[in-house]
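To start, the structure under review is shown below, and the notes come after it.
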Amino acid sequence: MVPPRLTLVSDNTREKKEAAANIEEAAAGDEEIPSALLDPEKPAARHPHAPREKLRRIEAMLFAAAEPLDVKAFARALDANDDVNALLLELQAEYRDRGVNLVRVAGRWQLRTADDLSFLLERQQKEERKLSKAALETLSIIAYHQPVTRAEIEEIRGVSTSPGTLDVLMETGWIRPRGRRRAPGRPLTYGTTEDFLIHFGMDSIKDLPGLADLKAQGLLDANLPPGFTVPSPTDVAALMPDELPLTDEGEEEEQEQLALDEEAASEDDDEATASEHPVDEA
């Protein structure tokens, strides 16, 4: 008597049979048959609007952009209900340990070479002209004290500032004339630019190091004078109350303000004269 032949069924074969049974059950009803059941060995196609696809869109835009992109730019390529900030943070986490990092600069997003690998690109970089000590000091004063005039810069530095120093900083694109001070001569006021934030990898001017950070980095003398403080910088685009616009309209506005001040002063003088010489009502 010939013993019965045994057939070994692999797990893969069992899975196929179970998939076939599921297909028959779905066909018996009106249910749509998933593509994964029709061919278990073929991966299911990802939905075009799945999270990974959205991250790929953002990644492609970042790679092709010559300048940092803001959230609105990404939103135009995504669905209206997508949380763009959450997607950017997720992509930033994925790039954290790679040779290229996703960083936020000046309120926008950009792919950059990891800081610890920047030495690999030294040969490809253009040889930039180094800033003088005077230019670096002037740039620091403008960054921390903006809006600031040339005379105020000289007062802080304790030495005169040549026009060439400000010209060099203007050429770099890191500072700009903001307006004019409401003072005799209407001196120009200076402030930093968005390019300044992008170059130094800051999201806002408030990311500048404070007193404790400067001490920790050894950039300040340990024996500081009593009461020494580091100002809280601000780069508000709107003009401050003591600033006038750079245009001719600012001059007209100043003339109007001076006329109003003179008129008010004249009225005060008239009132003072009337009080000194009261009119006899008899």
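Here, each number is a calculation from the coordinates, and none is a lab measurement. These numbers come from a predicted model, not from an experiment. With ideal geometry, Cβ positions are generated from the backbone for all residues, glycine too; neighbour counts draw on all protein chains shown.
List of remarks:
- Anisotropy class of region 96-198 from Cα gyration tensor, a/c 1.5 cut: prolate
- Where GluC sites (Glu not before Pro) fall in DSSP loop in region 128-174, at most 12 other Cβ within 10 Å: E128
- Exposure proxy for I175, I141: other Cβ atoms within 10 Å of each Cβ, ordered fewest to most, give I141, I175.
- Amide H within-cut-off set for R178, under 5 Å, with H built and near neighbours excluded: T189, Y190, G191
- Potential lengthening between R52 and E154 on full extension [0.36 nm per residue; Cα-Cα distance subtracted]: 31.3 nm
- Net dipole in debye of region 133-244 [+1 Lys, Arg Cβ; -1 Asp, Glu Cβ; about Cα centre; nearest 20]: 340
- Our estimate of slack between A134 and V236, defined as 0.36 nm per intervening residue step minus the Cα-Cα distance, is 34.2 nm.
- Between N223 and N81, the simple label model (points 7 Å from Cα in the Cβ direction) yields a spacing of 6.7 nm.
- Arranged from fewest to most other beta-carbon atoms within 10 Å of their beta carbon, L102, L239 become L239, L102.
- Binned Cα-Cα distance frequencies in region 51-116 - 5 Å width, integer %: 3, 18, 34, 26, 14, 4, 1, 0
- Hull volume in cubic angstrom per residue (convex hull over the Cα atoms of region 133-244): 123
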